[in-house]
Amino acid sequence: MATVRTTLTALTVRLTRGEKLAGFTGDLEVPLRAVREVEVVDEPLREVHGLRSPGLALPGVRKIGTWRRRGERTFVSVRKEQPAVRIRLSGARFDVLLIGADDAVADAAAIRAALSPAG
């Protein structure tokens, strides 16, 4: 399962070996200044829209990879019955990251804390 971590200057998404293979990518790192919005999504499989290119989709079960639609590129790693953190970005390789997490509320709170001026 992918994990989201923050440092003083960056947000990093660490992928498992299987996620890297299925998503045709490596770990992702974006500057914190690129993060525009963070929210928790309860049913992330329903939130994935567009064309998969490249990646893996097992309908109703698992989605990993890049989904593209007009004006938006989303990296996805979500599975059935697991909430996710949606991170909207600006000026980065992806416009949106949708990452499944067992404790998505805590992950979103940690990212928001890193973004705060006192963070």
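The values are calculated or read from the model by the stated rules, or taken from the named source; none is laboratory data. Not measured: the values here are computed from a predicted model. Positions of Cβ are generated from backbone atoms using ideal geometry, with glycine treated the same way; all protein chains shown enter the neighbour counts. Surface accessibility is based on the protein's heavy atoms, side chains included, excluding ligands, DNA and RNA. Shrake-Rupley method; radii C 1.70, N 1.55, O 1.52, S 1.80 Å.
Accessible surface ranking for L21, L98, 1.4 angstrom probe, highest first: L21, L98. Considering only alpha-carbon pairs that sit under 8 angstrom and 6 or more positions apart, the relative contact order computed for the chain is 25 percent. Annotation: per residue accessible area for the chain equals 56 Å², rounded to a whole number [probe 1.4 Å, protein chains only]. Rolled with a 1.4 Å probe across the full set of protein chains, the surface gives L115 an accessible area near 70 Å². Spin-label model, A109 to R79: label points 7 Å out along the Cα-to-beta-carbon direction sit 2.4 nm apart.
Of the GluC sites (Glu not before Pro) found in segment 1-98, the ones in coil according to DSSP and having at most 14 other Cβ atoms within 10 Å of their Cβ are E81. The accessible area of R79, taken with all protein chains in place and a 1.4 Å probe, comes to roughly 90 Å².
Other residues whose C-beta falls under 13 angstrom from the C-beta of V38 contribute a net charge of +1, scoring Lys and Arg +1 and Asp and Glu -1.
Here the gap between R17 and R70, fully extended at 0.36 nm per residue and compared with their Cα-Cα distance, gives a gain of 16.1 nm. If I compute solvent accessible area with a 1.4 Å probe over the protein chains, what percent of it on the chain is carbon and sulfur? About 50 percent, which is the carbon plus sulfur part of the accessible surface.
Taking all Cα-Cα distances within the chain, those exceeding 21 Å account for 30%. Note on L8/D102: beta-carbon distance plugged into 1/(1 + (r/R0)^6) with R0 of 22 Å gives a FRET efficiency of 0.30.
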